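The values are calculated or read from the model by the stated rules, or taken from the named source; none is laboratory data. Predicted, not measured: the structure shown is a model, and the values here were computed from it. Quick reminder, even Gly has a Cβ in these numbers, built from the backbone with ideal geometry, and neighbours come from all protein chains shown.
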Amino acid sequence: MLINLSPQRRDDTLEVLRSGNALIVNGESFDFSSMGDGDTLPRAAINSEWFAGNVEKVNGELILTLLFPMPWNYSPEQAFPVPLQNVPDGPVVFPGPLPEPALEASPEDNQ
């Protein structure tokens with residue numbers, strides 16, 4: 001499976017689990033096992049805001065694009081993601097954000 005990411009600055013989260021030719025996206029299951037080699041499932045046929053394009057099966061591999069929410073502290077890897085290739089079964093690992101800055105103590109905190 002090859003997953004392309006289409007980054008968007010937004011505060012929601014994306015959790016994806018792969019199981020064979022199925023994906024569970026934020027708890028909702030999408031089973032692509034009935035797709036044959038060379039098939040294309042149009043984006044309009046997928047009832048989910050998370051898919052950003054068609055799903056294709058090329059040489060036995062599913063190829064798809066997901067919207068990828070980026071938090072305020074997004075990293076360069078999130079802003080310019082590389083395709084996730086050979087995604088194994090299990091939780092899909094996405095690029096992570098930059099660390100949140102440590103909060104500085106205010107003078108009132110020392111009293």
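List of remarks:
- Flag for Thr13 being at pLDDT below 95 and either over 30 Å from Pro101 (Cβ atoms) or out of contact with any Lys or Arg (no Cβ under 8 Å at 6 or more places or on another chain) (or both): yes
- The criterion of at least 2 residues that are more than 16 Å from the chain's Cα centre (by Cα) and under 20 Å from Val92 (Cα atoms) is met by the following strands (runs of 3 or more DSSP E) wholly inside region 17-71: 55-58.
- Qualifying residue in region 78-100 (condition: among the charged types (D, E, K, R) and more than 16 Å from the chain's Cα centre (by Cα)): yes
- Across region 24-57, the number of residues qualifying as farther than 22 Å from Pro71 by Cβ and touching a residue at least 24 places away in the same chain (Cβ under 8 Å) comes to 4.
- Here region 87-101 is the region considered, the condition is being assigned to a loop (DSSP other than H, G, I, E, B) and modelled with pLDDT of 95 or more, and the residue that is farthest from Ser29 (Cα to Cα) is Pro95.
- Only residues that are closer than 24 Å to Ala79 by Cβ, surrounded by 13 or more Cβ atoms within 10 Å (Cβ to Cβ) and not polar (S, T, N, Q) were counted in region 19-54, giving 7.
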